[in-house]
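Note sheet for the following structure.
Bear in mind that the values in this text are calculations on the coordinates, not laboratory data. Here the structure is a predicted model, which means the values were calculated and not measured. Quick reminder, even Gly has a Cβ in these numbers, built from the backbone with ideal geometry, and neighbours come from all protein chains shown.
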Amino acid sequence: MNKLEVKGKWNVVKGKLKEKYGDLTDDDLTYIEGQEDQMLGRLQQRTGRAKQELIDEINKM
């Protein structure tokens, strides 16, 4: 399984995710180092996408 790699570029990724999934809020996209699983769980619930799909999508941004 790939790890989520968002350090440093999170603000850019967050903006792109909000564009793609218009119903995401800042609370959904709150990134706290060490709590990636909680954030990914929120994103899974809001988007209906699998965890690995989201990780791959975020890492490609």
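Restricting the trypsin sites (Lys or Arg not before Pro) of the chain to loop positions (DSSP other than H, G, I, E, B) with no more than 16 neighbouring Cβ atoms within 10 Å leaves 3, 7, 9, 49. Taking every C-alpha pair closer than 8 Å and separated by at least 6 residues, the mean separation divided by the residue count of the chain gives a relative contact order of 45 percent.
Legend: translational diffusion of the chain by Stokes-Einstein, Rh = Kirkwood radius over C-alpha pairs, 25 °C, 0.890 mPa s; D = 213 µm²/s.
Between the beta carbons of residue 35 and residue 59, assuming R0 = 22 Å, the FRET efficiency works out to 0.80 to the nearest 0.05.
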